[in-house]
Amino acid sequence: MTHLRLNGLLLVALVLVSLVAIFAGSGGAAPAALFDTGGALDALVLRELRLPRVLLGVLIGAGLGAAGAVLQGFFRNPLADPGVIGVSASAGLGAVICLYFGLSASFALALPLAGVSGAALGVASLFLIAGRGATATTLILAGVAVNATAGAVTALLMNLAPNPWALAEIAYWLMGSLNDASWTEVGFAAPVILAGLMVLAPLARGLDALGLGEETARSLGIGLGRLRLAVILGTALVVGGGVAVAGAIGFVGLVVPHILRPLVEHRPGALILPSALGGAVLIVLADLVTRLLSGPGIPLYLGVLTALIGAPFFLWLVRHSQRRAP
């Protein structure tokens, strides 16, 4: 399958899934309701609730998918993922600190900036611990360390929450959800995530060269220091921007690139765009499932569903990697 055909099919799938997500469910309305300016209830539901929810899911899924593809290409192993290696937990910690100390009310971009800063710190810590040429084992151990540290500090802040309502708010937020998506959240997340995607997209050539080895990449004119900095910045932007508005949503960056990798002939650079599209499809579809399965007073959170899908997949991937090891 050619790369153009693959991207075209994923784009068509994304459009179809998005349309279903917009119009499916209780109180469904005809497509014409989107253009109804008379203030009808079904038109308001579509325009003010479902449409921003789908757009936010597309943005977050694209960011997580692209970040997963870039991290896997940079580390040259299929186990790298923003959630597995601690980036999502670090972004969540940054946002929780912002919420805990009330900084989110200080100015509009406080929460997204806190999420981005936490994600950047998590990526930088991972690279510092793992070092150059990290093996899969070293990468996972470094990710465990970053995850454990971010999780411990987050748990400490939850333990010190001033009241049960603050604790519940942090806990539910950390589960990851698009339930409260609005045009305000889209306005916050879109510039941050799109900026991150613009940083990650041009890394294709560098990742392809790095796949041949560091010395070969240097001989081809790839600056590994600049490449590492771009990976840190781009991953921090897309993950931090998503976590800041929707909480922690894991395993998307692990599952999607691994499924699509054989279709791009295992080329790290060619995997970025398909992973972005595939991540968007997965998030929109998973959010649709959570919305349809949630009942009155019993919400199913998006982050919980992606974890239920991703955790068994990760275990299978580890076992599969062990069987292939010499």
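Can you tell me how many residues in the range 254-287 are farther than 20 Å from G206 by Cβ and surrounded by fewer than 21 Cβ atoms within 10 Å (Cβ to Cβ)?
Going through the range 254-287 one residue at a time, the tally reaches 4.
Search the range 97-122 for residues being under 17 Å from the mean Cα position of the chain (by Cα) and closer than 12 Å to A150 by Cα, and hand back the single one that is surrounded by the most Cβ atoms within 10 Å (Cβ to Cβ).
Of everything passing the filter in the range 97-122, A119 is surrounded by the most Cβ atoms within 10 Å (Cβ to Cβ).
What's the number of the only condition in (1) at pLDDT 90 or above; (2) within 30 Å of S182 (Cα to Cα); (3) in contact with a Ser or Thr (Cβ under 8 Å, 6 or more places away or on another chain) that G278 fails to meet?
Among (1) at pLDDT 90 or above; (2) within 30 Å of S182 (Cα to Cα); (3) in contact with a Ser or Thr (Cβ under 8 Å, 6 or more places away or on another chain), the lone unmet condition for G278 is (3).
So for the range 141-149 (the condition being closer than 26 Å to N77 by Cα, at pLDDT below 80 and polar (S, T, N, Q)), does at least one residue qualify?
no
Consider the range 157-187. How many of its residues are hydrophobic (A, V, I, L, M, F, W, C) and either modelled with pLDDT of 85 or more or not in a helix (DSSP H, G or I) (or both)?
The number of residues fulfilling the criteria is 9.
Could you figure out which of (1) closer than 21 Å to L109 by Cβ; (2) in contact (Cβ under 8 Å) with a residue 60 or more places away in the chain isn't true of Y172?
Failed condition: (1).
Please find, among T216, T149, T154, T235, the residue that is surrounded by 12 or more Cβ atoms within 10 Å (Cβ to Cβ), under 23 Å from R53 (Cα atoms) and of a type in the set (S, T, Y). Full working, then the answer.
Details: T216 fails: under 23 Å from R53 (Cα atoms); T149 fails: under 23 Å from R53 (Cα atoms); T154 fails: under 23 Å from R53 (Cα atoms).
The unique qualifying residue is T235.
The values are calculated or read from the model by the stated rules, or taken from the named source; none is laboratory data. Source: prediction; values computed, not measured. Here Cβ is always computed from backbone atoms with ideal geometry, including for glycine, and neighbour counts include all displayed protein chains.
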